[in-house]
Each structure stands twice: as C-alpha cells, then as structure tokens.
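Below you'll find the structure I mean.
The values are calculated or read from the model by the stated rules, or taken from the named source; none is laboratory data. Note that the structure is predicted; figures quoted are calculated from it, not measured. Cβ atoms come from the backbone with ideal geometry, glycine included; neighbour counts cover every protein chain shown.
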Amino acid sequence: MGRQWLLAKREVASLRKSQATGKLLREISMAAKQGGADPGLNARLSAAVDKARRESVSREAIERAIQKGAGTGSEKIVLEHVVFEGYAPHKVPVIVEVYTDNNNRTAPEIRVLFKRGQLGTPGSNKFLFDHVGLVEAHHADTSKDIEEAAIEAGANDFEAIDHAQNDDIPVGHLGARFFTDRTAVHSVSVWLSQNGWTVVTSELGYRPKNFVTLSEEDMGDVGEFLHSLDEHDDVHRVWAGLK
C-alpha cells in the first residue's frame, strides 16, 4: 500500500508539473502573438520566458512556443482568449481569463466550476474592476524606495508584495507590483529591468476597485473556489475582489 501511495503521489506531482508547463508555454505563445517574437521588444514575452526557464522548461519547447505564437514555425497558434465574469461564494466578484483551442468544451467546464458561486452574465461585473497594466518585479536591495521607482518608471501606482503573494519573488528580496496605463507596460518593464529590478510579470490585468471583507471561514470557501478555477488547464489568470 505504501508503494502504491508513493507512485500515486509521483503521478499527481508529474501531472501538476505538466499542467504548469502547458500554461507557461501558452503564455509564451500568446505573448509572442500579441507583441512579437523578440523578448527585447516584448516585455510580456521576456517575463514569460524567464519564468519558464526558472521552472526548467527546455529551450526547445520555449523556442517552439515563440515560433508558434509569432507564426514563424510549422505550427500556428489557434488559441482563443475568452473572459468569464461571475462571483465566487459570498459575492466576491471574479474575472477569469482563459486561453483555449475549443471554447465549446471550455465554457461549459468553467460554468460547472462556478456552481458554488453565481456565474455572471456578460458585462455583469467588469465595472467593479479597472483594466490596467501590471508589472511585478523584485530587487535584491531591500532599502530601495518603491515609490521612487514607480515615479521614475512611469507607473501610476504601486504596492509592495512578497513571496507569499507571488512565489516568483525570492524570499528576502524587495517585491513590488506596479500599476500602469495599458500602453505603458513595456516601457515600465524596460525601465525597471535597466535599473536593477528583475521583472517577473508584465501583462494586462484587472484591478478591483473595492475589496470584499470576509471572515476566516468565508475566506476558506472563496480560496477553495478560486483554487479550483486556477487548476483548470485552460485558465490563464483569475482576478478577484479580495485582498
């Protein structure tokens, strides 16, 4: 029985690694499709490639994903970007971004996952979020002034983050999330990279205008629900009105 448990544990770990790798490669392909195949000119692609390398994704797989997205290889990307709106338990607004090659399959699966919440109709909760540029980065010098960096980089706002909020932020490093105009993501990322910051996320996203306050028990319900969404193979990002 012990041996069977060990094998099952390894199979689960292998499956999760495969799912994570698949999501990383899809992000690389979409970044290349939307911003071009040169990481030097495409901050989103640069951040995605760096993250894939940290997760030990092979160089060949990364290059194929870039070529697929940019349309320069034998394969062409056929992924569709779909946004679902709805509510987690306890009326926490949620936006789910999906990359899928078959929305007729994915949409019903996402709706099933929403069964513990209330699936919104199109346009039902986007007014509760701002659509912004997001750049997350870290610096080895914890004495750095994040506000000064935000001003110099051209960001509109910022907040400190740590390893618990983004595991790409090394423990002991200064982490920050910079909010930008949607057209300024690349320029902010470039400035940070040129000034000693390591950029780990560079993308468009959704920033809640307000946050729902929950009890510890209710927070557990919402956390479990959000985790079930994030585990879906086609889900790229889950944005929630929750601290």
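Scan region 191-227 residue by residue and report those that are of a type in the set (Gly, Ala, Ser), more than 24 Å from Glu148 (Cα to Cα) and surrounded by 14 or more Cβ atoms within 10 Å (Cβ to Cβ).
So the first thing to find is which residues in region 191-227 are of a type in the set (Gly, Ala, Ser), and the list is 193, 196, 202, 205, 215, 220, 223.
Those left that are additionally more than 24 Å from Glu148 (Cα to Cα): 215, 220, 223.
Across region 191-227, the qualifying residue is only Gly223.
Same structure, new question: Mind listing whichever residues of region 222-242 are in a helix (DSSP H, G or I) and closer than 21 Å to Ser29 by Cβ?
At the first step, the residues of region 222-242 found to be in a helix (DSSP H, G or I) are 222-230.
Asp230 - this is the single residue of region 222-242 that is in a helix (DSSP H, G or I) and closer than 21 Å to Ser29 by Cβ.
Looking for whichever is surrounded by fewer than 22 Cβ atoms within 10 Å (Cβ to Cβ) and farther than 17 Å from Gly22 by Cβ here; the options are Ser56, Ser74. Which one fits? Lay out the reasoning, then the answer.
Working: Ser56 fails: farther than 17 Å from Gly22 by Cβ.
So the residue among Ser56, Ser74 that is surrounded by fewer than 22 Cβ atoms within 10 Å (Cβ to Cβ) and farther than 17 Å from Gly22 by Cβ is Ser74.
Considering only residues that are crowded, with 19+ Cβ neighbours inside 10 Å, hydroxyl-bearing (Ser, Thr, Tyr) and free of Cβ contacts under 8 Å to residues at least 60 places away in the same chain, which ones fall in region 77-123?
Tyr87
Go through (1) buried (at least 20 other Cβ atoms within 10 Å of the Cβ); (2) modelled with pLDDT under 95; (3) charged (D, E, K, R) for Asp230 and report which single condition fails.
Here Asp230 clears every test but (1).
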